[in-house]
Amino acid sequence: MAFQKPKGTADLLPENTKQWQYVEDIFRAVLADYQFEEIRTPIFESYDLFSRGVGETSDIVSKEMYNFQDKGGRELALRPEGTAPIARAFVENKLFGPEHAKPYKVYYQGPMFRYERPQSGRMRQFHQFGVEAFGSDNPATDVETIALAMDLFQELGLESLKLVINSLGDLESRLAYREALIAYLKPHVEELSEDSKTRLHKNPLRVLDSKDKKDQAIVANAPSILDYLNDTSKEHFEAVKEMLEALDIPYEIDSNMVRGLDYYNHTIFEVMTEAETFGSLTTICAGGRYDGLVEEVGGPATPGFGFAIGMERLLLILNAEDIELAEEEALDVYVIGIGESTNLESLKVVQAVRSAGLSADRDFLNRKIKNQFKTANKKNAKVVLTLGENELENGTINFKVMKSGKESVVELEDIYDGDFEKLFNLKVSDMTAFNEFFKKED
Ligand code: ATP
Ligand code: MG
């Protein structure tokens with residue numbers, strides 16, 4: 001019986017992982033500039049962490065969780081998102097202590113799990129690359145982190161992105177808005193979707209986030225949360241806007257944007273693209289401020305700000321926009337062995353070349369010399385070493401620089417000694433030229 005991968009998952013084959021690694025490398029370099037360090041937390045956590053952290057009424061918790069009981073009867077869940085686990089780790093490892101930097105800045109990457117209806121850019125196992133900054137309520141942290149997100153995309157060469165922001169204010173502002181929103185929605189209650197009917201009293205802001213077309217038409221005329229911000233909240237949002245402008249980062253405001261997770265307050269943002277792949281505006285990065293979350297999961301009151309990038313969506317867009325991801329890596333040395341008797345010596349030669357810090361490969365299937373050369377060309381080999389029965393007897397190997405076609409015969413002993421500069425006789429007597437040829441760091 002042949003098996004299939006579970007619905008909503010993907011195999012990332014080498015041609016894919018090459019692209020992912022390219023993106024991840026760029027991200028890591030930018031994150032180092034911003035002084036974020038990597039954190040890795042478990043793939044599963046206690047179910048309660050998410051129901052508390054992300055919110056009982058969120059789609060993520062109420063519909064999309066991969067939760068299960070382990071053999072010890074513990075209620076666990078595959079993580080649907082990264083922020084609650086990192087807040088948990090922040091508290092559990094006392095990262096709020098005086099010996100730690102403030103803000104405490106970390107990034108994470110890895111698989112997340114949500115039971116959703118799979119479609120392009122929407123998977124059941126997907127990957128996020130995200131950052132969190134704990135301990136600063138300075139609006140400059142909001143803006144620096146948004147700037148970081150924009151920088152990540154810019155470094156990849158991704159343009160025509162749209163930054164959309166909103167403010168959810170502090171608790172007082174949200175409570176005032178909640179009343180106004182309920183008052184607005186009540187007369188429409190019969191027209192709302194079943195989900196939104198339930199949300200109306202439990203968490204009316206959720207209704208704004210509804211994916212239902214009829215709900216969306218109703219909330220289009222809902223009062224704006226921005227009219228209900230108290231002075232502190234207004235001040236914070238004004239500062240964020242002013243700082244974005246100071247950095248020349250264009251943005252739009254969408255006062256109906258609420259985000260799908262309950263822990264947000266003050267600034268929230270999304271980065272969207274209009275790329276053809278999805279036919280409509282798609283969010284590839286989303287985040288915001290979550291000043292209550294650390295306390296919610298049992299730590300001291302600590303402000304926080306973060307975002308997550310959806311890697312699958314990002315890769316779809318990068319490929320749709322034909323953005324070059326990863327250069328062709330040339331192979332340093334390909335070893336051709338003619339006849340089965342060369343098998344052992346070929347094994348030793350490739351290992352010796354690798355020991356010298358060069359990349360090497362060989363044929364294992366005793367194929368014809370012509371086919372082996374084809375492979376060497378396909379792999380873009382810089383040097384081909386050919387070993388036949390004659391060479392074996394003489395203790396030599398044929399050496400060919402592919403670019404110039406220049407050939408010579410060298411001693412096998414010299415290969416095993418690792419004296420490659422001499423042995424490759426590249427007319428490059430000095431180390432710098434050798435390193436240049438093989439693109440090694442001096
Ligand atoms: P959506 O409204 O599309 O469901 P969301 O609000 O649930 O998104 P977040 O929880 O904010 O998304 O996650 C941040 C990013 O992670 C999203 O902008 C998206 O790029 C990506 N993402 C979220 N869910 C999925 C999924 N099921 N498959 C692939 N990527 C996802
Ligand atoms: Mg979702």
Study note, to complete from the structure: Selection over the range 199-217 where residues are surrounded by 15 or more Cβ atoms within 10 Å (Cβ to Cβ), under 15 Å from A183 (Cα atoms) and free of Cβ contacts under 8 Å to residues at least 60 places away in the same chain yields a count of 5
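Would you be able to say whether some residue in the range 70-79 is touching a strand residue (DSSP E or B) at 6+ places or on another chain (Cβ under 9 Å) and open to solvent by 60 Å² or more (accessible area, probe 1.4 Å)? Lay out the reasoning, then the answer.
The initial filter retains those residues of the range 70-79 that are touching a strand residue (DSSP E or B) at 6+ places or on another chain (Cβ under 9 Å), namely 70, 74-79.
Those still in the list that are open to solvent by 60 Å² or more (accessible area, probe 1.4 Å) too: 74-75.
Within the range 70-79, one or more residues are touching a strand residue (DSSP E or B) at 6+ places or on another chain (Cβ under 9 Å) and open to solvent by 60 Å² or more (accessible area, probe 1.4 Å).
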Check your understanding: Restricting attention to the range 283-313, and to residues there that are within 16 Å of ligand 2 (Cβ to nearest atom) and either in a helix (DSSP H, G or I) or not assigned by TED's automatic domain parsing to the domain that holds L31 (or both), which single residue is most open to solvent (accessible area, probe 1.4 Å)?
Key -> R313
Check your understanding: In the range 103-143, what residues are away from ligand 2 (no atom under 16 Å from the Cβ) and within 19 Å of the chain's Cα centre (by Cα)?
Key -> K105, V106, Y107, Y108, Q109, G110, F129, V131, E132, A133
Review point. Does R74 satisfy the criteria of being under 14 Å from L49 (Cα atoms), away from ligand 2 (no atom under 16 Å from the Cβ) and either among the basic types (K, R) or modelled with pLDDT under 95 (or both)?
Key: yes
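Matching residues to (1) under 20 Å from D291 (Cα atoms); (2) hydrophobic (A, V, I, L, M, F, W, C):
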| site | (1), (2) |
| --- | --- |
| P6 | no, no |
| L12 | no, yes |
| E15 | no, no |
| D25 | no, no |
| T57 | yes, no |
| L76 | no, yes |
| V91 | yes, yes |
| F96 | yes, yes |
Practice item. Pairs only if they're at least six apart or on different chains, beta carbon under 6 angstrom, first in the range 118-140 and open to solvent by 40 Å² or more (accessible area, probe 1.4 Å) and among the charged types (D, E, K, R), second more than 16 Å from ligand 2 (Cβ to nearest atom) and outside any strand (DSSP E or B); list them, first residue then second. Key: D137/P303
Check your understanding: If you check Q4, Q21, Q35, which single one turns out to be open to solvent by 80 Å² or more (accessible area, probe 1.4 Å), within 18 Å of V131 (Cβ to Cβ) and either in a loop (DSSP other than H, G, I, E, B) or in the same structural domain as L293 (by TED's automatic domain parsing) (or both)?
Key -> Q35
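Can we say F27 is assigned to a helix (DSSP H, G or I), within 16 Å of ligand 2 (Cβ to nearest atom) and under 19 Å from G287 (Cβ atoms)?
On the way: assigned to a helix (DSSP H, G or I): yes; within 16 Å of ligand 2 (Cβ to nearest atom): no; under 19 Å from G287 (Cβ atoms): yes.
Answer is no for this residue.
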Revision key, fill the gap. When the range 220-264 is checked residue by residue, the ones that are within 15 Å of ligand 1 (Cβ to nearest atom) and either free of Cβ contacts under 8 Å to residues at least 40 places away in the same chain or not charged (D, E, K, R) (or both) are N256, M257, V258, G260, L261, Y263, Y264
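How about the range 64-84: which of its residues are farther than 19 Å from Q125 by Cα and either touching a residue at least 60 places away in the same chain (Cβ under 8 Å) or assigned to a strand (DSSP E or B) (or both)?
So the first thing to find is which residues in the range 64-84 are farther than 19 Å from Q125 by Cα, and the list is 69-75.
Within the range 64-84, Q69, E75 qualify.
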Review point. Checking S280 against (1) of a type in the set (S, T, Y); (2) more than 16 Å from ligand 1 (Cβ to nearest atom); (3) at pLDDT below 95, which test does it fail?
Key: (2)
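Filter the range 399-429 down to the residues that are modelled with pLDDT under 65 and touching a helix residue (DSSP H, G or I) at 6+ places or on another chain (Cβ under 8 Å), then identify the one that is nearest to V333 (Cα to Cα). Quick ask: steps written out before the conclusion?
So in the range 399-429, the residues modelled with pLDDT under 65 come out as 423-429.
Retained after the next criterion (residues that are touching a helix residue (DSSP H, G or I) at 6+ places or on another chain (Cβ under 8 Å)): 423-424, 426, 428-429.
Details: L423: 13, F424: 11, L426: 13, V428: 17, S429: 19 Å.
Among those residues, the one meeting the criterion is F424.
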Check your understanding: In the range 230-279, how many residues are away from ligand 2 (no atom under 16 Å from the Cβ), in a strand (DSSP E or B), more than 24 Å from E296 (Cα to Cα) and open to solvent by less than 40 Å² (accessible area, probe 1.4 Å)?
Key -> 1
**Study point:** Failed item in (1) assigned to a loop (DSSP other than H, G, I, E, B); (2) within 32 Å of the chain's Cα centre (by Cα), with R206 passing the rest
**Key:** (1)
Exercise for review: For residues that are open to solvent by less than 20 Å² (accessible area, probe 1.4 Å) and among the aliphatic types (A, V, I, L, M), scanning just the range 141-153, find the one that is nearest to ligand 1 (Cβ to nearest atom).
Suggested key: A149
Check your understanding: Does the range 92-117 hold any residues that are surrounded by fewer than 19 Cβ atoms within 10 Å (Cβ to Cβ), touching a residue at least 60 places away in the same chain (Cβ under 8 Å) and more than 16 Å from ligand 1 (Cβ to nearest atom), and which are they?
Key -> F96
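The values are calculated or read from the model by the stated rules, or taken from the named source; none is laboratory data. Nothing here was measured: the structure is a model prediction, and the numbers come from that model. All Cβ positions, glycine included, derive from the backbone under ideal geometry; neighbour counts span all protein chains shown. What goes into the accessible areas is simple: the full protein's heavy atoms, side chains included, and nothing from ligands, DNA or RNA. Shrake-Rupley method; radii C 1.70, N 1.55, O 1.52, S 1.80 Å.
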